[in-house]
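The values are calculated or read from the model by the stated rules, or taken from the named source; none is laboratory data. None of these values were measured; they are calculated from a predicted model. Counting neighbours? That spans all protein chains shown, and the Cβs are built from the backbone with ideal geometry, glycine included. The protein model used for the area step is the full one, side chains on, heavy atoms only, and it has no ligands, DNA or RNA in it. Shrake-Rupley method; radii C 1.70, N 1.55, O 1.52, S 1.80 Å.
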Amino acid sequence: MDHFLYRDGVLHAEDVPVAEIAAAIGTPFYCYSTATLERHFRLFDEALEPLPHLVCFSVKSNSNQAILKTLARLGAGMDVVSGGEYARAKAAGVPGERIVFSGVGKTEAEMRAALAGGIRQFNVESEPEMERLSMVAQSMGLTAPVALRINPDVDARTHAKISTGKSENKFGIPIARARDAYARAAGLPGLEVIGIDVHIGSQLTELEPFEQAYRKVAELTGALRAQGHDIRRLDLGGGLGIPYTRSNEPPPLPSDYGEMIRRTVGHLGCEVEIEPGRLISGNAGILVSEVIYLKHGEGRDFLILDAAMNDLIRPSMYDAHHDIVPVTEPAPGAEQAPCDIVGPICESGDTFAKQRNMPALAAGDLVAFRSAGAYGAVMASEYNSRPLIPEVLVKEDHFAVIRPRPTFDEMILRDNIPAWLL
Ligand code: LLP
């Protein structure tokens, strides 16, 4: 459930008419709802009760400071994958002891920054990384808390580009090597082995692959404890999917997911962490765009928008579906006709939807892409020298621009002219 609903025929973000924001700041823009973000965080938090737990928001899904701050105030932890994300989490007021550092390629500088600023745990993904972290921590006279990310070889049954838990993926330490890897980590100075980490993919629409992975984690916990490792924390990753369209069967709810977690690992006496991104931020955001032209092509019609693949790359990159709805609600039973919905960028890949049934729209009308709060703004670029689009956060009946649209001059002035061209 989200807080983007039609009221009296106009789309609202909470209590603010979306068209009012468009009139104030121009299109395209991202618009987020505080109530939806908070609700989704709480659903996870409650789903894990009564286990000792921490819900670590996956910063990669939406890293705006205002979004992080909204969640941090509710007690969220953060899952970060780069020095930049770590800095953003800290800047949003998240204490180091609530930040988990994941990622296959952490650099020495990133390790150093996190150790200096405080960190809950590093999710270590390989033996070379283990050695590097040991060296860095030792050189700083500190101890790094470590969970090893295990690759459980489970098929997440999601899009190939966002599946991470099969043995052929680059992520984690193969489960067959786990015992050796833990023995090795325990012997390295500067590391304290505290737990196990697993993440098998994103946009999972069934619980079964998670369950398979978590059963393997439970079994491994027993085996490692028998070898003398003090496994006291399990990081179960993110990945629970969201409904991108109402026509499909909805994915399992966080409460079902929580119940399954209690069933599979609840008896182990471990503190549980999860790292959801999409389920917290995805349906808490829309992308608002204006129709520039309606073009009648050879045998098909094109709806040309002012948003493009540089603003929301998911349809081009993953063939992802986003519902696209008019900001003015069509009359009940209004006629619909198929069209291709495209952006202005000079590539055929700049297509949001093919032969999508849409009600009649004209130049100047506004549309909203639903479910655009996760992996939308964070994956945007300035391709075609289109400035990054603004982000707006709504709370009840007011809104704030949480990232402004840069001017062309601001964009150009980021480049430097070398002396020989002056
Ligand atoms: N933890 C780790 C270690 C991850 O790699 C990810 C996502 C998450 C947590 C959060 O997963 P979520 O709950 O959001 O599914 N750009 C793609 C998604 C990439 C996901 C990468 N890892 C998309 O637009 O669908």
| said: Given the condition under 18 Å from the mean Cα position of the chain (by Cα), modelled with pLDDT under 95 and in a helix (DSSP H, G or I), answer yes or no: does some residue in segment 153-160 qualify? | reply: yes
| field | Residue check, ALA400 open to solvent by 10 Å² or more (accessible area, probe 1.4 Å), modelled with pLDDT of 95 or more and in a strand (DSSP E or B) | value | yes
| remark: Note on segment 236-252: residues more than 14 Å from the ligand (Cβ to nearest atom) and not polar (S, T, N, Q) are ARG246, GLU249, PRO250
| request: State yes or no: is THR27 open to solvent by less than 50 Å² (accessible area, probe 1.4 Å) and part of a helix (DSSP H, G or I)? | output: no
| field | segment 362-397, residues that are on the phi > 0 side of the Ramachandran plot and assigned to a loop (DSSP other than H, G, I, E, B) | value | GLY364, SER371, TYR375, GLU396
| message | Could you check segment 51-81 and list, in sequence order, the residues that are open to solvent by 10 Å² or more (accessible area, probe 1.4 Å), touching a Ser or Thr at 6+ places or on another chain (Cβ under 9 Å) and not in a helix (DSSP H, G or I)? | response | VAL81
| task | Quick one: SER289 ticks every box in (1) among the small types (Gly, Ala, Ser); (2) more than 16 Å from the ligand (Cβ to nearest atom); (3) open to solvent by 10 Å² or more (accessible area, probe 1.4 Å) except a single one, so which number is it? | result | (3)
| task | Given the conditions (1) within 16 Å of the ligand (Cβ to nearest atom); (2) in a helix (DSSP H, G or I), report the number of the one that ALA223 does not fulfil. | result | (1)
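Each row is one residue, and each column tells you yes or no for (1) within 15 Å of PRO28 (Cα to Cα); (2) more than 16 Å from the ligand (Cβ to nearest atom).
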position: LEU361; (1), (2): no, yes
position: ARG370; (1), (2): yes, no
position: VAL394; (1), (2): no, yes
position: ILE402; (1), (2): yes, yes
| query | Do we have ASP306 as more than 16 Å from the ligand (Cβ to nearest atom), touching a residue at least 60 places away in the same chain (Cβ under 8 Å), closer than 17 Å to ALA380 by Cβ and not hydrophobic (A, V, I, L, M, F, W, C) here? | reply | yes
| task | Please enumerate the residues belonging to segment 210-220 that are more than 16 Å from the ligand (Cβ to nearest atom) and not aliphatic (A, V, I, L, M). | result | GLU211, GLN212, ARG215, LYS216, GLU219
| task | Run LYS295 past the list (1) on the phi < 0 side of the Ramachandran plot; (2) within 14 Å of the ligand (Cβ to nearest atom) and report the number of the one that doesn't hold. | result | (2)
| request: Go through segment 109-161 and count every residue that is in contact with a helix residue (DSSP H, G or I) (Cβ under 7 Å, 6 or more places away or on another chain), among the aliphatic types (A, V, I, L, M) and within 24 Å of VAL55 (Cα to Cα). | output: 12
| field | Residue check, GLY84 under 18 Å from the mean Cα position of the chain (by Cα) and open to solvent by 30 Å² or more (accessible area, probe 1.4 Å) | value | yes
| request: Go through segment 180-210 and give me each residue that's within 19 Å of PRO243 (Cα to Cα) and open to solvent by 40 Å² or more (accessible area, probe 1.4 Å). | output: THR205, GLU206, GLU208
